[in-house]
Amino acid sequence: MKNNLLKLIVTRLLTGIGVLWGAATLTFLMMHLSAGDIAIAILGGPDALPSPEVLARVRQEYGFDKPLLVQYLEYLGHLVRLDFGESYRLRIPVTQAIAVQLPATARLALVAGVTAISSSLVIATLTARRAPWLKSLISGVELLVSSAPGFVIGLVLLYVFSFKLGLLPAAGYQGWRSLILPTLTLCVPMVVILSQVLRQELEDILEQPFITTARSRGLSETGVRYVHALRHALIPLVTLSGFIFANLLGGTVIIESLYSQQGIGRLMSDSANSKDVPIVLAITLMAAATYVVVHLVVDIFNGIIDPRHRPS
């Protein structure tokens, strides 16, 4: 078992290195080959009207006058040393810029992720193999919500609870109440996906012979669902939850901008618009690293929950 686990970890780490390299390469090429001059962006954009001499000096200072391949190889060399450089826009180390914004995003992502998983567990276990009308109602609501983009859900929540009822803050961070609408905007689509998958898995498991045996022993329906059926249905939930957690960073780009809150997502958006390459690359790598780690953790948990998923 220990050898198999070590083999899994080594394999995932090697795969992760490839993922990180690919993410760094694609982001580097996209930022450098997209329209616009990074040197002009550093100097404040076209409206700043920088002189050719100033532009030449900036290009030389940041190495933009070198061939793209040379810039790429130098960047990879910095990455190996975990040196992400300095933000073009903020004029501070990239790690410092990210460290300032990371707690806000981590708080929002953690609250949204935990809320989504716990809500989907409750909804799926309460609705699996229930009355057809209830299942149809829930499925209709899920279809409606899943077809709506995240920013539309956010706008509806803002209109109802902030502008119309005045119950919750519309922008900024003013304590825990400011987390409610961003959390709902992030987690509602996740709840729909997780509850659908878990409910289908539960309905299949509730048809199994060992469930009939558990009922024949006098175990209550609640006990059958939560003690026996739920454990066997957790594999897809754990897998999907892991990938959803890993992808939460992308969701925060829209959410933090919509609710005017600070965080990694908003930093990423602002940096991409201003062509702040070091920050964009660093955040992209952080997201890729999160994906790799979560993937590894999901595989390990799946092996613990169901031995059949352990590496051979």
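The values are calculated or read from the model by the stated rules, or taken from the named source; none is laboratory data. Remember, it's a predicted structure, so these values are computed and weren't measured experimentally. So basically every Cβ, Gly included, is an ideal-geometry build from the backbone, and we count neighbours across all protein chains shown.
With the checklist (1) touching a helix residue (DSSP H, G or I) at 6+ places or on another chain (Cβ under 9 Å); (2) surrounded by fewer than 12 Cβ atoms within 10 Å (Cβ to Cβ); (3) under 30 Å from VAL280 (Cβ atoms) in hand, flag the one item GLU53 doesn't pass.
Just one mismatch for GLU53, condition (1).
Which numbered condition trips up GLU207, out of (1) closer than 23 Å to ILE153 by Cα; (2) modelled with pLDDT of 65 or more?
The failed condition is (1).
What residue, of LYS7, LYS2, is at pLDDT below 75, under 32 Å from the mean Cα position of the chain (by Cα) and loosely packed, with under 12 Cβ neighbours inside 10 Å?
Only one candidate qualifies: LYS2.
Any idea which of (1) out of contact with any Leu (no Cβ under 7 Å at 6 or more places or on another chain); (2) of a type outside the set (A, V, I, L, M); (3) more than 25 Å from LEU281 (Cβ to Cβ) is the one GLN96 doesn't satisfy?
In the conditions (1) out of contact with any Leu (no Cβ under 7 Å at 6 or more places or on another chain); (2) of a type outside the set (A, V, I, L, M); (3) more than 25 Å from LEU281 (Cβ to Cβ), GLN96 misses (3) alone.
Criterion first (loosely packed, with under 15 Cβ neighbours inside 10 Å and of a type in the set (Val, Ile, Thr)) does VAL111 satisfy it?
Criteria not met by VAL111.
Output the residue which, of all residues in segment 82-97 that are under 15 Å from ALA289 (Cβ atoms) and in contact with a helix residue (DSSP H, G or I) (Cβ under 6 Å, 6 or more places away or on another chain), is modelled with the highest pLDDT.
The residue in question is VAL94.
Of (1) crowded, with 17+ Cβ neighbours inside 10 Å; (2) in a loop (DSSP other than H, G, I, E, B), TYR75 satisfies all except one. Which?
Evaluating TYR75 over (1) crowded, with 17+ Cβ neighbours inside 10 Å; (2) in a loop (DSSP other than H, G, I, E, B) leaves (2) as the failure.
For PHE64, are the conditions met, namely being touching a Ser or Thr at 6+ places or on another chain (Cβ under 8 Å) and either modelled with pLDDT of 85 or more or outside any helix (DSSP H, G or I) (or both)?
no
Name the residue that is modelled with the highest pLDDT, counting only residues in segment 158-185 that are of a type in the set (Gly, Ala, Ser), exposed (fewer than 11 other Cβ atoms within 10 Å of the Cβ) and more than 13 Å from ARG107 (Cβ to Cβ). Break it down stepwise before answering.
Applying the first criterion (of a type in the set (Gly, Ala, Ser)) to segment 158-185 yields 162, 166, 170-172, 175, 178.
Imposing the further condition that a residue be exposed (fewer than 11 other Cβ atoms within 10 Å of the Cβ) reduces the set to 166, 172, 175.
Now drop any that are not more than 13 Å from ARG107 (Cβ to Cβ), which leaves 166, 172.
Details: GLY166: 78, GLY172: 72.
Per the stated criteria, the residue is GLY166.
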